[in-house]
Amino acid sequence: MSTFDPAVFLDASLDEANSTVSTPVPEGEYQAVIDKVETRAWQGKKDPSQSGIALDLIWNVEDQGVKTLLERDKVQVKQGIMLDLNASGGIDTGKGKNVALGKLREAVNLNTPGQKFSFRMLEGQMAKISVKHRIDGEQVFADVKAVAKL
């Protein structure tokens, strides 16, 4: 294995243009594995008094047809879940709260009462995902909108 030299890398030249458009994963249902789980704090742009915590999941799509279509070995899509928090800042488990989280946990068999759960347990779990497109100006994004058991 060679040693990475930042100066050599910065001086390397290209004679081909880079792509400026990314083809989104087609809408549909796919078998996928959770590759990464992260949380982030958010604050409303229109109303800065609105804030909370979101759960972001990166799913690896396990569909050879999609990989071939997009000419990629690894195809990923993102799922964002806004979390309902209780008064002490923990996950609200009340009726009608964190339904998207409950559906995700149910899909990967991690939603059993009395059984310990942590978000890190989601990594490596497999489920069926539903991908839908979201348009923002001229860009098209593929987002995970639903999950179900395989």
In the stretch 124-134, the residues that are more than 8 Å from Ala32 (Cα to Cα) and either in contact (Cβ under 8 Å) with a residue 24 or more places away in the chain or out of contact with any strand residue (DSSP E or B) (no Cβ under 8 Å at 6 or more places or on another chain) (or both): Gly124, Gln125, Ser130, Val131, Lys132, His133
The residue that is surrounded by the fewest Cβ atoms within 10 Å (Cβ to Cβ), considering only those in the stretch 102-123 that are in contact (Cβ under 8 Å) with a residue 24 or more places away in the chain and more than 14 Å from Lys149 (Cα to Cα), is Arg120
Checked Lys67, Lys95 against criteria (of a type in the set (Lys, Arg) and assigned to a loop (DSSP other than H, G, I, E, B)); the one match is Lys95
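Rundown of residues vs (1) surrounded by 13 or more Cβ atoms within 10 Å (Cβ to Cβ); (2) of a type in the set (Val, Ile, Thr); (3) touching a strand residue (DSSP E or B) at 6+ places or on another chain (Cβ under 7 Å), yes/no style:
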{"position": "Tyr30", "(1), (2), (3)": "yes, no, yes"}
{"position": "Glu38", "(1), (2), (3)": "no, no, yes"}
{"position": "Asp56", "(1), (2), (3)": "yes, no, yes"}
{"position": "Gln64", "(1), (2), (3)": "no, no, no"}
{"position": "Thr68", "(1), (2), (3)": "no, yes, no"}
Only one of Lys132, Lys103, Lys128, Lys116 is in a helix (DSSP H, G or I) and at pLDDT 95 or above, namely Lys103
Considering every residue within the stretch 60-69, establish whether at least one is of a type outside the set (Val, Ile, Thr), at pLDDT 95 or above and under 15 Å from the mean Cα position of the chain (by Cα). yes
Give the residue, chosen from Ile135, Ile129, that is exposed (fewer than 14 other Cβ atoms within 10 Å of the Cβ) and of a type in the set (A, V, I, L, M, F, W, C). Ile135
Here's a check for you: in the stretch 70-92, which residue that is in a loop (DSSP other than H, G, I, E, B) and aliphatic (A, V, I, L, M) is surrounded by the fewest Cβ atoms within 10 Å (Cβ to Cβ)? Ala87
If you check Val21, Val25, Val8, which single one turns out to be out of contact with any His (no Cβ under 8 Å at 6 or more places or on another chain), at pLDDT below 95, in a loop (DSSP other than H, G, I, E, B) and among the β-branched types (Val, Ile, Thr)? Val21
Test Ala32 against the stated conditions and say whether it is of a type in the set (A, V, I, L, M, F, W, C) and either without any contact (Cβ under 8 Å) to a residue 60 or more places away in the chain or farther than 19 Å from Lys145 by Cβ (or both). no
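The values are calculated or read from the model by the stated rules, or taken from the named source; none is laboratory data. Predicted model, so just to flag it, every value in this text is computed and none were measured. Positions of Cβ are generated from backbone atoms using ideal geometry, with glycine treated the same way; all protein chains shown enter the neighbour counts.
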